[in-house]
Each structure stands twice: as C-alpha cells, then as structure tokens.
1. What's the number of the condition A:Ala236 fails, among (1) surrounded by 21 or more Cβ atoms within 10 Å (Cβ to Cβ); (2) more than 14 Å from chain B (Cβ to nearest Cβ)?
2. Please go through the range B:51-73 and pick out each residue that is within 24 Å of B:Ser503 (Cβ to Cβ), buried (at least 19 other Cβ atoms within 10 Å of the Cβ) and of a type in the set (Gly, Ala, Ser).
3. Are any of the residues in the range A:192-213 at negative phi, touching a strand residue (DSSP E or B) at 6+ places or on another chain (Cβ under 8 Å), within 10 Å of another protein chain (Cβ to nearest Cβ) and not basic (Lys, Arg)?
4. In the range B:482-505, is there at least one residue being over 28 Å from B:Ser47 (Cα atoms), touching a residue at least 12 places away in the same chain (Cβ under 8 Å) and in contact with a strand residue (DSSP E or B) (Cβ under 7 Å, 6 or more places away or on another chain)?
5. Considering only helices (runs of 4 or more DSSP H) fully contained in the range B:91-138, which possess at least 2 residues that are more than 12 Å from every other protein chain (Cβ to nearest Cβ) and either of a type outside the set (Phe, Trp, Tyr) or buried (at least 24 other Cβ atoms within 10 Å of the Cβ) (or both)?
6. Being assigned to a loop (DSSP other than H, G, I, E, B) and within 19 Å of B:Ser313 (Cβ to Cβ) is the filter here, so list the residues in the range B:1-58 that pass it.
Amino acid sequence: MASYIARRLVAVLGVLWAMTLLIFGIVHLLPGNVAYMILGEYATADAIATLEARLGLNDPIYVQYWRWFTGLLGGDFGQSLVMDRPAGPLIAEALGRSAILAGISIVLVAIIGIALGIHSAVHKGTLSDRLLTLLQYFFIAVPEFFWCILLILFFAAWLGWLPATGYTPLAEGGLVGWGVHLILPVFTLVSGLIAHVSRLTRSSMLETLDSGYVLAARARGVPERLVLRRHALPNALLPTVTVLAVDVGILIGGIVVVETVFAYPGLGRLLIFAIENHDVPLLMAGMMVVTTVYAVANLVADILYAFLNPRIRYGRAAA
Amino acid sequence: MADAPLLSLDALSVTYATGRGPLAALQDVSLAIPKGGAMGLVGESGSGKSSVVLAILGLLGEGARVTAAAARFDGHDLFAEAPALRGRRIGVVFQDPSAALNPALTVGSQVAEPLVLHRGMSQEDAAARAVSLLSEVGLPRAEAVARAYPHQLSGGMKQRAVIAGALACEPDLLLLDEPTTALDVTVEAQILDLLEGLRKSRGLSLLLVSHNLGIVDRLCDDLTVLYAGRVVEQGPAEALLGVPSHPYTRGLLGALPRADRGRIGRLVPIPGGLPDLTQPDPGCNFRARCAFAEPACAAPQVLAPVRSGADASRLARCHKAGENLIWPVPDEAVRRHRGEGDILLAAEGLSRSFALGGLLGRLSFRNGIPRLAPQAEVRAVDGVTLSVRAGEVLGLVGESGCGKTTLGRLVLRLIASDSGTLRFAGELVPDKPGAAFRRRAQIVFQNPDSSLNPRKTVAEIIRRPVTLFGIARGAEADAEVDRLLELVRLSPAYRGRYPHQLSGGEKQRIGIARALASRPDFLVCDEAVSALDVSVQAAVLNLLDDLRDRLGVAYLFISHDIGVIAHVADRIAVMYRGKVVEEGPARAVLAPPYHPYTEALLSAVPLVGSSGRAAARIRLAGDVSSAAGAGGCPFAHRCPRRIGPVCDTVVPPVLEPKKGHRIACHLPLETLAAVPPALGWA
C-alpha cells in the first residue's frame, strides 16, 4: 500500500511539473509580447520596455522559466501586477473561501448522490425510483447558470429570504450570516452533480446486485441488509469514487460561473479578474493552484479506490 | 427406499414473466434425493437446470412464479423455510468461482461468514474454523489462503474455497451448479475427487447440475435428464447412460465426441433448437427435433416406466421409449485422401513474450529509496516448431494459459513473433504479411457473439471479405454469399438477419462462412465449438469435417476438449507453458507412450460409462500457474514422474518412438511405453 501511494505521488508530481511547462508555455511562447498583452494596444514603447525589464522578459526563455519554477517551489507565486501585492496571499485568501463552497458541495454530492443511487437500485422499478430518475434527468439537463438566475429571482428578489450576492466572514456575520450566503451557490453547484453521481451509483449498484458473489452470499443465508452493506456496497462504490474525483474538476469549472454570478469573492472570481485585467503572474499562479487541487483530488480518489479494492492494495502474490 | 428422501420435489413449475408473456421455464419437474444419495441433473443450456437450483434455494427473484404440489426437505416445507435452510442445511457451489467470491473480502471471512451468522460463533472462532475447513478441502497453507483475497488465488483454489464455505455449517445437501465448467480438466479432476471424498466422509447428499455427461456419470447414482423445462428421462446413472431410452438422451449421447473412441466416423447432431417456452407444447416438446416423431407424439406424454413391471426405476417421457431406436447417422461427404499433401504451413522456433506492467508499475520503494524492477515478462509461446500439411487437421490441446491462442495468432501473423520463422506454401511469411497470405489463411473465433458485428446483417458480414479479396463484385458477390451460406447449410433467407436473431450454432456457422469467403487453404479454429451445446457442436464439427473433404482446407484446431480433438484431428500437439511437449499422429498421442503431461491430461478426462477407471488415474498437484524453474522441462514442477534435478535444469531430449511422433522428456522411452493406457487406447 505504501509503495502504491508513493507511486501515485510520483505520478501526481509528474503531472504538476508538466503543467508548469504548459502554463508557462501558453503564456510565454504564444505569439505576441507579454508586456504588450498586459499594457494593451495604446502602450508606449517606453512603458513596454520598462515592464519587460521588470518582468525579466529580456532573459532567455529557460532562465525565465527556471526563475518562475524555483519561485513556485519556494512558495513565491510571483507579484500581482494590478494589485501590486504578492500573488500567494491573494490566492490563499480566495482559495479558502472557494474551498468552503467546494468542500460543502463535494460532501453533499457524495452523501446525497450515493444515498439516492442506492435507494433507487434497491427499489428498482418502483414509483420512487421512477420519480427520482425523472428528477435526475431534469437536473442533469438544466445548465447551472439557469439555476443561478432562477434562484436569485425567486429567493432573493421575490421572496427576499436569502441574499442575492456577496459573502460575510464567519467572524463578522456569525453562523447564520455566513451560511445564508452559501445556500444558493451550493445548491447551484450540487444539483447537477448529485443527479450525475446518483445515476452512476444506481447502475453500478444494480450491476453488483446482479453479480455472482451477491447471489452466493444470499445462498449462504446472509440477511439482505448485510448483503447490501458488506457484499454489494464496497464493490458498487468503486466507479463512484473515480467519478467523484472527475467531478471535482467539473466543480472548479462551476465555481468560476457561480462565484461570478453570486459575486462570491473566491478563486474563480479572482481568475476572471486576472484575465480581465491582464494580470499574467496572478493568472499563472491561480492556474497552478487549480491544477494542484484537481491533481490532489485524483490522488485522494486513487488512494480511496485502493482502500476499497484489494486487487490494488495487494499484488497478485499467490498465498 | 425405506427412508423418506432428504429432498423431494413434486411437480415443480417455474414461470417467468417476460415481454412476450409468461415463459414456462420448468413444468412439473419431480425428483427425489435419498439421504447420502447423489442425483445428476443434465440438459443443454436453456433446459432449466439452474432454475431448479434457484427454486430449491428460494432465490428465483420477483419475476418468477414458483408452484409445486409438494417440495419437502427432511420434513420441512421447502418454500416456506428456504431462507432458514440455505447456508445452514443446504450448501451451494456455483459455476464460476471467480464470480462467486466477493473481490473486496478475504477468502477466510467469506468461509467464516455463515458460521458467525448461523452458528453464532465469535469472529475468532469462526476464523479458526474457516482455516480448518480450507485445509479439509485440500488447500495447502490454509492460513495464508484464509488471509488472501480472491484475486490472489488460482481458479481451482477458489473453487475449493467456495466448497469450504458451502460446507461450513455442515449441510445435509450440497447443490452443485456446473461446479467444474470454468476449470481446466486436470483441476476439474481434482475437484471431482474432492467431492467424491466429501460425499463418503460426510455422508453428504449431492444435486449435481451439469451439461457434461462424463462428470455426472462419475459422481452420481441417479440421473434426471431435463429438456426445455420437462423431465424427459430419469433413472440409475449407469443404466441410463448405458442404454438410454428417450430419443433426446439417445441423441445427446450420439452427438458427444468421445475421447476414448476417437474418430468413429460421424457425430449425430440433433437438428433444430429449443422450442418457444412462452407457448409450451401440450404434446412432446422434443418432437420437432426428434428423428422418430409420429402423429401420436402430439398427445401429452407422461413420465412412465420404460418397461412395465421389471424395472420401475427407469422412467421416460416418450411412448416409444421401450422400442429400439437408433438415430440415423448423417451421410458423409465424399471422403478424399487426407493429410498426405505437401507441407502447407511450417513454423519454426516461434516465440512470443508479453511484458507485464508499465514503467510506474515497476517502480517500488524500499526504505524510501525508489528502485526500478526489471521488466517482467511471460513467455506465452516458447520456441514452437510445427507444421500442417494441406488438407490436414492438427489438433492443439492444452489447458488455459498454455499459449494455444497466442500460437494460433502467431501462425496467422495476427500478432508479431519475437523470433522464429513462418513459411506458408514454401514461402517465408513476413511480419506484416500482404493480402495474398491473409486471403489463404483465415480464423474462426471462439465466441461468435463478440466476433460478429451486431450492426451488420449476415449478408454484409460475409460479403465484406468476398469483395475485399477481390473474389467477386456486384451481383456475383451476392451469389457468392448465397453459395457460402449453402456451404455452411444455411438457407439464403438468413441474408437479411442480424447476429442477435441467430442461435449460437447459426452464429458460429456465419463465422465459418466469413472465414471461408476468401477461399482459404488454412483455417485456425480457436475453440470454435467450445461455446456450443453438444447437439449443436456435433453439427458444426460435422460441417468442418465436410468442408475439409470438399474444399481440402487444412485446420489448426485449438481446443481444451480432448473429446473434440480426438474426434477431429489427424495429428495432435500437446502444449504446456508455451512449449509443445508432445506431437504426433492422433492415434499415437492418445495411446502410450505418452509425455507425462499428456498422460495426466488424458486420465483427467471424465468419460461416459467408465466409472471403474479410477484406479489408473494420474492426479496433478497445483495448476499451471504453480511456480516453475527456468531452463528444464516446463512440466517438471508438477510432473508425477519427475526424475530429479535434471528435469528442472536440462532441456529434455526429444524421443521419437515412431516416425513423426515426438515426446520431449528425460524418461527413457521404455518407461513411457510401459504406463497403462489412460483412455483405453493401447
């Protein structure tokens, strides 16, 4: 197991290193001058030359990459050009707020999605299964920005129960003030994903319930509840675990939209801000952070997968 | 019978709800098993065998309606109490041990589970008992096995573990649903020995469900023959298989290729397929396929004693059962002089290895220091030399994983070889052969379900190679498709059908027609009849035989079934761990002198009507995956006739008892010639 985790870790580090090349390459190797890109088309030659010198753009490309890369390793994410502050703390602050949103969302997606999936599989063909199926397809089909607008109109503008936008820190607003700002964004983020995860769990649970070992367990006289819990569930969850990691990626994409619509000051909005203001160092740092989050989510999923699946935990050594 | 039987089913019927209306899977099935008795339940796929097992367990599910006049188990009402009986007094072993064990739980915990649930044992006591059960079923190092996960064990070990679990609560009755079908023949023999021993030592009653008449004959006292949901014949096993009464049973035995008889001429296929069970026939439901059908067969048939008075234990559901009926043997095609043509295909020293694991998989850490393991390889085919003459059938036998399929693909250059040469009609075949070689050498795959494109019609499937190899175009190609269909005995009406509209036997014929479309001289048949029922298999084997006579096609016929190989092959090659250990004319290979592996393989074959053969059986320990040393004889680690270290380290010399018969073994020829014949062939 330790060897397996170490191997996955090596793979994750490899992916992250490849991403540094990609992100750096996209920004620096594409046609056009970075300084020109930042300053816009009305920049004077002087301003461009000054910025080039400040960014070290006159050095050879590999020196620039090495400077950025070693900076990253040392925790230096560069300097935000627009805000004139180190990018690291800026991102850390935004990341913390996004992590609250994403963390609550992924936990809800996992718990509710898996529970609904199991319920549908066990009660296959019943009214509740069919009703859930209908709802799930509805939530999968409707895009999240539609929910954003509808929810704001209904709960914020019409009923006035919940704030439409913004964020209140826990220290200022207390649990309620902090929480009410999260309800609408979280609902928007999880609706489609819960439907997605529960559909998947349902089908893999059905497949497992149809398997030889579940039949064998029933033939051994194992009571149905134990058949579900001990024999079916651990095997049925394997595909779900993998998909949850992929869903973290979808969630990050969703967060960019949701944070923008609900004016929630997280990483997604910071990225949009960096793009709009041509803040290249901030953008690069933000992209690295997003990549790392996604890679770590997959690492966690791999480890969880191995924990559930002894075929990975132990090699094929004959007993 | 003085005692009441342990299990008695009286008029058991099972109906499944389907989209086309109720499907009568079982109709009035009655059987009784005395305490300590063993009943065999035989029949082809779709006969309802497994439904009987699930009905006894009460596990048929919600879609099934089960009725019976009476179903009793040792005085209990089976239907009311099935949930309390299963796992406690009735144990089950299903077909595929890989599917029956939960991959996420240790083997020991699955064996111990019923003990904790039904006997109220503590986890520790149950775990200890599980270890002793595992060693009782003959697993070495039972403690390690108990801690292992299913994927770490071989198929034979898994099936032993499943049997241990079924025995945990000391049941009175063991239900065995095709318990050895997924296993290799030498492992099958070990499991049958185990079951036979358990029956004696524990006084177990058995219900053995199988399509294999040889297995049933070995293990059972009584037989029930099931056809399309009805019992057609019942009686003592030996008498029933010796002189079958019902036409279906006679047909089954006539269709069976016998390893102990070899090539006795033609097999007798049973035409047609299973009747539509959504509209059960009130009369005899076999009459559409029966050679002896007459108008009286349309009347309902009863299961009655074959001969009145004398022998009441023999029952058959046929009003003609008492008559001496002999199935007509189909006509033979004009038989040409066989197997003496020029050498068509010659492989020399063909080898192929497969790498195991990727770069990251080889990386390991010891004390935090990364190390890269050397690339692990498995030698699937190891220096094989063989030749096939024009119009000859070379049978290739061996157990799973011995490299048969890889070799079949190597001689077609479907996969590249690492070393060795291949000649076809005298010419060297390059690694990437051209259309000329592809046209002349074709393949028939094992599973027609996956080798036929489900989105294409039969005509499209067959037409493709016809036009691809420039055999014909346009209307001519259509005529060619009809000709090929006729060649495999299918009417042109099949042209527009899709694979899912065909039966297994019909699908395999389409596979053969497609392979013949380019008018090849050489066909590789990779387990081409293994997925088929005996009655259909006979028809396909006869067809392949005729095609050889009419077209002079040579075959490399790959099979794990010694009976089939003995029936079709002119010459036989025996493979073990990538090497050919024996090769020669069929008669010579099937009789002593043998390679010790051939001997073990042949003596493991369950034969019909030779229960007394047990004395001469050779049993192998372990299975193919047991560790072997490099260098010497590939079979040395399991060989019952191993001489000593020489077998492990020195490549065995090739003995040639007769011209063309080669055995690679260190033992002197006299010793090999002195062994008793395993199949009754001297």
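1. (2)
2. Of everything in the range B:51-73, just one residue is within 24 Å of B:Ser503 (Cβ to Cβ), buried (at least 19 other Cβ atoms within 10 Å of the Cβ) and of a type in the set (Gly, Ala, Ser), namely B:Ser51.
3. no
4. no
5. B:123-136
6. Just the residues of the range B:1-58 that are assigned to a loop (DSSP other than H, G, I, E, B), to begin with: B:1-6, B:19-20, B:34-37, B:43-48, B:58.
B:Met1, B:Ala2, B:Asp3, B:Ala4, B:Pro5, B:Leu6, B:Pro34, B:Lys35, B:Gly36, B:Gly37 - these are the residues of the range B:1-58 that are assigned to a loop (DSSP other than H, G, I, E, B) and within 19 Å of B:Ser313 (Cβ to Cβ).
Rundown of residues vs (1) of a type outside the set (Ser, Thr, Tyr); (2) within 30 Å of A:Leu238 (Cα to Cα); (3) within 20 Å of the chain's Cα centre (by Cα), yes/no style:
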residue: A:Ile152; (1), (2), (3): yes, no, no
residue: A:Ala157; (1), (2), (3): yes, no, no
residue: A:Leu193; (1), (2), (3): yes, yes, yes
residue: A:Ser198; (1), (2), (3): no, yes, yes
residue: A:Arg202; (1), (2), (3): yes, yes, no
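Listed here are the residues, each with its yes/no results for (1) among the hydroxyl-bearing types (Ser, Thr, Tyr); (2) outside the structural domain of A:Ile250 (by TED's automatic domain parsing); (3) over 30 Å from A:Phe139 (Cβ atoms).
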residue: A:Leu13; (1), (2), (3): no, yes, yes
residue: A:Ala35; (1), (2), (3): no, yes, yes
residue: A:Gly40; (1), (2), (3): no, yes, yes
residue: A:Thr44; (1), (2), (3): yes, yes, yes
residue: A:Leu57; (1), (2), (3): no, yes, yes
residue: A:Gly88; (1), (2), (3): no, yes, yes
residue: A:Ser105; (1), (2), (3): yes, no, no
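The values are calculated or read from the model by the stated rules, or taken from the named source; none is laboratory data. What you see is a predicted model; the values in this text were computed from it and never measured. Note that we place each Cβ from the backbone using ideal geometry, even for glycine, and neighbour counts take in every protein chain shown.
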